[in-house]
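**Q** Okay, here's the structure, questions in a sec.
What follows draws every value from the coordinates through simple rules; no lab data is involved. Not measured: the values here are computed from a predicted model. Please note: Cβ atoms are built from the backbone with ideal geometry, for glycine as well, and neighbour counts cover all protein chains shown.
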């Protein structure tokens with residue numbers, strides 16, 4: 001009975017962790033930049049790229065616009081304080097877990113087990129550039145497993161989660 005309780009708790013923890021798909025969020029910024037002076041923003045013109053998914057770009061822009069507007073910033077094409085560039089992509093990843101070695105075997109040990117997990121990882125990078133100086137002032141990025149994203153709703157949910165986590169600490173506190 002105790003084993004079943006422990007298994008149930010571990011299963012619940014694993015399920016909870018697996019529901020949060022965004023991980024490895026990073027931020028960097030110019031410590032000399034005056035973030036308190038930022039009131040307006042716009043998007044940089046994206047270079048023409050083959051294979052860029054316009055639906056993903058629309059979802060990213062919608063999520064970023066909503067988060068920044070919730071922070072009191074205004075999107076405008078007329079003389080914005082900063083510009084935003086977004087980059088996204090995905091690649092295959094592999095995670096290898098070694099469960100150690102046991103005793104015995106020909107050379108004094110034998111492998112207990114190795115687990116190999118392959119998955120598709122998506123990345124999102126947001127760069128904020130001062131519109132006057134054309135210098136980058138802030139960067140945020142997130143990575144997430146994307147191989148099981150099957151519907152537009154799942155894609156939008158993952159993008160919203162990633163953008164929310166990236167922009168959580170924007171603007172940075174003054175030092």
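**Q** Can you sort 128, 35 by how many other beta carbons sit within 10 Å, fewest first? List each step's numbers first, then the result.
**A** On the way: 128 26, 35 17.
The most exposed by this proxy come first: 35, 128.
**Q** Would you order 149, 78 from fewest to most other beta-carbon atoms within 10 Å of each residue's own beta-carbon?
**A** Details: 149 19, 78 6.
Lowest count first: 78, 149.
**Q** Give me 43, 138 sorted ascending by neighbouring Cβ count inside 10 Å, so fewest comes first.
**A** Details: 43 17, 138 22.
In order of increasing Cβ crowding within 10 Å: 43, 138.
**Q** Same structure, new question: For residue 39 and residue 133, compute 0.36 nm times the residue count separating them, minus their Cα-Cα distance, and round to one decimal in nm. Don't skip to the end; give the middle numbers.
**A** On the way: separation 94, 0.36 × 94 = 33.84 nm, distance 1.61 nm.
The span from residue 39 to residue 133 would gain 32.2 nm if fully extended.
**Q** How much length would be gained if the chain were fully extended between residue 123 and residue 70, taking 0.36 nm per residue of separation minus their Cα-Cα distance, in nm to one decimal?
**A** Details: separation 53, 0.36 × 53 = 19.08 nm, distance 2.37 nm.
Extending this stretch completely gives an extra 16.7 nm.
**Q** How far apart, in nanometres, would the label points at residue 55 and residue 148 be if each is projected 7 angstrom from Cα along the Cα-to-Cβ direction?
**A** Placing both labels 7 Å beyond Cα along the Cβ direction yields 2.0 nm.
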